[in-house]
Amino acid sequence: MTAAFSSNPKNKPFPVDLQYSLVDGKWRPNPLAQKRWLRFDPIEMVESHKDALLTLNGFRFDCGRFDTLVVDANRALVKSLNKANIPHEYSEYYARHGEKRNLRLELTVLPYFSKKLKFSDGE
């Protein structure tokens, strides 16, 4: 994602600006790179993309309750969506990152899309 969010062709051998740098044995933030990343942060994008989000026929996401990679970010996104009055469905299931994927697809994801997707006759 760094290559997409904070590319920098002038940096060699890795043409990116990292969010953190190791300085004197400690990780130091790179505020300029972090600012560039915020442009792609879904939580930050809700308000600027509100009109487009309101046109969606359905918006659903979930994660494992013990998914330390994304659970806090997902909860923050829910707050942002609620504040902007964007209809959505969010759920947490009893698992960590990537666990119970097949069961979740069968019991929640596919039924959701079956209910929300609309096809015209002849397609």
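For the chain, what is the mean residue ellipticity at 222 nm derived from helices alone (per DSSP H run of n ≥ 4: -39500 (n - 2.57); sum divided by total residues; nearest 500 deg cm²/dmol)? Could the numbers behind the result be given before it?
Values: 7 runs with 45 residues, N = 123.
Dividing the helical sum by the residues of the chain leaves -8500 deg cm²/dmol.
Using the Kirkwood radius over C-alpha pairs as Rh, can you work out the diffusion coefficient of the chain via Stokes-Einstein at 20 °C, viscosity 1.002 mPa s, in µm² per second?
On the way: Rh = 17.5 Å.
After rounding, the answer is 123 µm²/s.
Which net charge results for the neighbourhood of Pro9, defined as the other residues with beta-carbon distances under 15 angstrom from its beta-carbon, given Lys and Arg at +1 and Asp and Glu at -1?
Details: positive: Lys10, Lys12, Arg36; negative: Asp17.
So the environment of Pro9 carries a net charge of +2.
According to a simple spin-label model (label point 7 Å from Cα along Cα-to-Cβ), what is the distance in nm between Ala52 and Leu38?
The modelled label-to-label distance comes out at 2.0 nm.
Please get the size of the charge dipole for the chain, origin at its Cα centre, with Cβ charges of +1 on Lys and Arg and -1 on Asp and Glu, quoted in debye to the nearest 20.
Numbers: 20 positive and 15 negative charges, 66 e Å.
With Lys and Arg at +1 and Asp and Glu at -1, about 320 debye.
What's the extension gain from Leu18 to Lys115 if we count 0.36 nm per residue and subtract their Cα-Cα distance?
Values: separation 97, 0.36 × 97 = 34.92 nm, distance 4.16 nm.
Answer, rounded to one decimal: 30.8 nm.
Which of the lysines could a cross-linker span from Lys79 if the Cα-Cα distance has to be under 18 Å and same-chain partners fewer than 8 positions apart are dropped?
Lys50
Quick one: net charge around Asn85, please, counting Lys, Arg +1 and Asp, Glu -1 for every other residue with C-beta under 15 Å from its C-beta.
Details: positive: Lys50, Lys79, Lys83; negative: Glu47, Asp51, Glu89.
After counting each charged neighbour, the total is 0.
Taken together, the values in this text are just the output of simple stated rules run on the coordinates, not laboratory data. Not measured: the values here are computed from a predicted model. Virtual Cβ from ideal backbone geometry, glycine too; neighbours counted across all protein chains shown.
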